[in-house]
Amino acid sequence: MNDSRAARLYRLFVSMLSLATFTFGGGFVIVSLMKRRFVEEMHLLDEDEMLDIAAIAQSCPGPIMVNAAVLVGYRVAGVPGALVSALASALPPLVIISIIAVFYAQFRENRYVAIALQVMRAGVAAVIFDVVVDLCRGVLKTRRALYILMMAAAFVASVLLDVPATTIILLCLCVGACQAAAMLLRARKGGRHAL
């Protein structure tokens, strides 16, 4: 894209603001919609980059939505993009929560609001399922046995063994760090032999 920097920041702000305003269901849902927006529609990122962003956003402390927005913004437009994305992704929830806090008693007792929230849960479950399928496809496309084994082990640990997500993330981080260190050692040895 040959956008000027200001135009790119504006498009980034509008995209993040609309995603944060009209998305229900939290981080996994927003990551799926970010993938659709920035990979498939705007072609600013490729699928592998989005998978990496999703993994990093989930691993970092804080809301997945803001973490992913900052990473996408940084990748698209550097530090200004990260700042614009952080503001755009945090602004709608901040405004909505502030309004709910003011009218909390009325929201809590409103039957229609309760019904609407229950209906949204079904939609959120479907979107989360879509995210899981997309992430699994991405891992399977790599055809790397280690990644596929880690995905299966993480699923078994989480669903069948009830291992906390934090523990699974830290273990996967350790495996990834060991693999990166092994690749670095191999590259250094290969460089020495070439000399």
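The values are calculated or read from the model by the stated rules, or taken from the named source; none is laboratory data. Keep in mind the model is a prediction, meaning the values are calculated, not measured. As a convention, Cβ positions derive from the backbone with ideal geometry for all residues, glycine included, and neighbour counts pool all protein chains shown.
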Next on the checklist: All but one of (1) within 24 Å of Phe13 (Cα to Cα); (2) in a helix (DSSP H, G or I) hold for Asp134; state the number of the condition that does not hold.
Outcome noted: (1)
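Only one of these is in contact with a Ser or Thr (Cβ under 8 Å, 6 or more places away or on another chain), in a helix (DSSP H, G or I) and among the β-branched types (Val, Ile, Thr): Ile99, Ile168, Ile115. Name it.
Working: Ile99 fails: in contact with a Ser or Thr (Cβ under 8 Å, 6 or more places away or on another chain); Ile115 fails: in contact with a Ser or Thr (Cβ under 8 Å, 6 or more places away or on another chain).
Exactly one of Ile99, Ile168, Ile115 is in contact with a Ser or Thr (Cβ under 8 Å, 6 or more places away or on another chain), in a helix (DSSP H, G or I) and among the β-branched types (Val, Ile, Thr), namely Ile168.
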Checklist entry - Scanning for something modelled with pLDDT of 85 or more, polar (S, T, N, Q) and out of contact with any Ser or Thr (no Cβ under 7 Å at 6 or more places or on another chain), does region 9-20 turn up at least one residue? => result yes
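Could you please find all residues in region 135-144 being surrounded by 12 or more Cβ atoms within 10 Å (Cβ to Cβ) and at pLDDT 80 or above? Give the steps one after another, and end with the answer.
Start the filter on region 135-144 by keeping residues that are surrounded by 12 or more Cβ atoms within 10 Å (Cβ to Cβ), which leaves 135-136, 138-142, 144.
Residues satisfying the conditions are Cys136, Gly138, Val139, Leu140, Lys141, Thr142, Arg144.
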Next on the checklist: Step by step: first the residues of region 42-87, then only those that are surrounded by fewer than 17 Cβ atoms within 10 Å (Cβ to Cβ), assigned to a helix (DSSP H, G or I) and among the charged types (D, E, K, R), then the one that is modelled with the highest pLDDT. Which residue is that?
Outcome noted: Glu49
